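The values are calculated or read from the model by the stated rules, or taken from the named source; none is laboratory data. Just so it is clear, the model here is predicted, and its values are computed rather than measured. Methodologically, a virtual Cβ is constructed for each residue, glycine included, from the backbone with ideal geometry; neighbour enumeration extends over all protein chains shown. For accessibility, only protein heavy atoms count, side chains too; no ligands or nucleic acids. Shrake-Rupley method; radii C 1.70, N 1.55, O 1.52, S 1.80 Å.
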Amino acid sequence: MRSISIRLLVVGACLILPLLAFAKVPDTALRDDAINTIRIRPSETDPEIKTFDTYHYAYVNDAIIVDHDASLTPIRNQLLLWIPGTQEKENESPGAAAGFCKLAANLGYHVVILKYPNNESASACRNDADRNAFEKFRMALITGGTSAHLNVARSESIVNRLTKLLVYLARVRPTEHWEQFIETDGTIKWSAIAVAGQSQGGGHAALLGIKYQVARVICFGAPKDFSQAHHGPAAWLTAQSATPKARFFALNHQQDHQACSPAEQLENLHALGLAEFGKMVDVDQANPPYRHSHILETNYPGGKIASKVAHTTGINPRNAAVFGKVWTYLLTEEAP
């Protein structure tokens with residue numbers, strides 16, 4: 001393990017003031033010397049993990065979590081679990097969500113960016129006759145198992161990787177109290193975890209919220225599970241949810257056609273039940289708290305852009321000055 005204290009690049013004064021105003025955080029909240037970036041290879045936490053052994057990343061604001069600085073935002077006592085989207089090649093970097101995740105750390109979260117077998121896309125299921133194909137694909141990655149498109153060992157699964165990482169962090173970094181995210185029986189304490197992700201990772205986050213009672217679900221460019229074979233949202237999107245739907249949030253782009261069209265994406269969010277909390281809100285034309293909607297959209301930067309660019313626009317750290325207040329809303333809006 002290598003622990004590096006780094007300076008947090010918080011996108012300048014144009015972002016800092018809106019964030020402080022919306023999140024009601026004191027002026028001293030963004031201490032740029034307090035974020036620790038922690039890199040740990042999955043195999044360090046469990047020798048049974050043999051593949052996709054590029055670094056997990058974790059972020060902690062020591063001033064909040066360790067020093068209990070009363071001038072800063074309070075400890076949230078929640079873990080933000082970030083699940084990346086599909087990547088054709090293994091990547092040693094934290095990926096596109098680093099800015100979002102560091103902001104979460106400054107808002108009092110413990111943060112983990114989890115590396116897992118993510119070189120196959122769930123979109124492989126969109127023409128399958130099996131109505132449960134998407135769920136089987138995702139659950140193979142979440143808990144280990146077999147679907148028509150992949151076979152994942154239990155040791156390589158998202159749940160095992162997160163469990164072993166939390167146990168490892170609790171042991172080697174005791175002052176940060178990672179043990180609070182582990183039950184007494186050694187399993188994950190899902191009720192203290194906010195799950196978030198982009199693209200395929202956002203779909204995993206939503207399904208985790210269906211299967212386990214979590215603190216919050218945040219989807220960027222997701223969930224994309226729309227069945228072309230059955231001309232409708234994947235069956236799991238309408239399943240009974242362990243997590244109250246009031247804790248689910250999504251941000252999507254109007255020009256994102258990856259895996260499904262924007263209209264189909266909206267059908268998925270309606271199937272998930274998020275329209276119950278208000279109509280979709282265009283964040284380009286509104287300010288926090290966005291009428292407390294749980295379905296947000298953007299068309300930034302306003303002109304025509306490629307679908308692949310649109311797909312990652314809302315989480316791209318280069319757009320932090322634009323979306324910082326949206327990220328803060330997604331991370332802090334009341335989720336009963």
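Taking the numbered list (1) aromatic (Phe, Trp, Tyr); (2) closer than 29 Å to residue 94 by Cα; (3) surrounded by fewer than 19 Cβ atoms within 10 Å (Cβ to Cβ) in turn, residue 277 passes all entries but (2).
Of the residues that sit in the stretch 289-302 and are without any contact (Cβ under 8 Å) to a residue 40 or more places away in the chain and farther than 24 Å from residue 233 by Cα, which one is nearest to the chain's Cα centre (by Cα)?
Restricting attention to the stretch 289-302, the residues satisfying the condition of being without any contact (Cβ under 8 Å) to a residue 40 or more places away in the chain are 290-291, 293, 301-302.
Of the ones still in play, those that are also farther than 24 Å from residue 233 by Cα are 290-291, 301-302.
On the way: 290: 20, 291: 22, 301: 23, 302: 25 Å.
Ranking the qualifying residues of the stretch 289-302, first place goes to 290.
Inspect the stretch 240-249 for any residue being under 24 Å from residue 312 (Cα atoms) and among the aliphatic types (A, V, I, L, M) and give the result as yes or no. So far as the stretch 240-249 goes, no, none of its residues is under 24 Å from residue 312 (Cα atoms) and among the aliphatic types (A, V, I, L, M). Among the residues of the stretch 228-247, those that are hydroxyl-bearing (Ser, Thr, Tyr) and open to solvent by 10 Å² or more (accessible area, probe 1.4 Å) comprise 238, 241.
Every test in (1) of a type outside the set (Asp, Glu); (2) open to solvent by 10 Å² or more (accessible area, probe 1.4 Å); (3) closer than 21 Å to residue 218 by Cα is passed by residue 52 save one, and that test is (3). Of everything listed in (1) surrounded by 19 or more Cβ atoms within 10 Å (Cβ to Cβ); (2) of a type in the set (Gly, Ala, Ser); (3) under 30 Å from residue 228 (Cα atoms), the single unmet condition for residue 335 is (3). Scanning the stretch 239-257 for residues that are assigned to a loop (DSSP other than H, G, I, E, B) and within 27 Å of residue 300 (Cβ to Cβ) turns up 254, 255, 256, 257. The combined condition, being open to solvent by 40 Å² or more (accessible area, probe 1.4 Å), polar (S, T, N, Q) and part of a helix (DSSP H, G or I), is fulfilled by residue 312.
Here is a yes/no grid of residues against (1) free of Cβ contacts under 8 Å to residues at least 60 places away in the same chain; (2) open to solvent by less than 40 Å² (accessible area, probe 1.4 Å):
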residue: 281; (1), (2): yes, yes
residue: 304; (1), (2): yes, no
residue: 317; (1), (2): no, no
residue: 321; (1), (2): no, no
residue: 327; (1), (2): no, yes
residue: 330; (1), (2): no, yes
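Within the stretch 58-80, can one find any residue that is closer than 20 Å to residue 323 by Cβ and of a type in the set (A, V, I, L, M)? The answer is yes, given that some residue of the stretch 58-80 is closer than 20 Å to residue 323 by Cβ and of a type in the set (A, V, I, L, M).
Considering (1) touching an Asp or Glu at 6+ places or on another chain (Cβ under 9 Å); (2) in a loop (DSSP other than H, G, I, E, B); (3) under 30 Å from residue 68 (Cα atoms); (4) not aliphatic (A, V, I, L, M), the lone condition that residue 284 does not fulfil carries the number (3). When 112, 159 are checked against the criterion of being within 19 Å of the chain's Cα centre (by Cα) and either open to solvent by 10 Å² or more (accessible area, probe 1.4 Å) or at pLDDT below 95 (or both), 159 stands alone in meeting it. Set side by side, the residues 286, 271 differ, and just one is open to solvent by less than 40 Å² (accessible area, probe 1.4 Å), of a type in the set (A, V, I, L, M) and without any contact (Cβ under 8 Å) to a residue 12 or more places away in the chain, which is 286.
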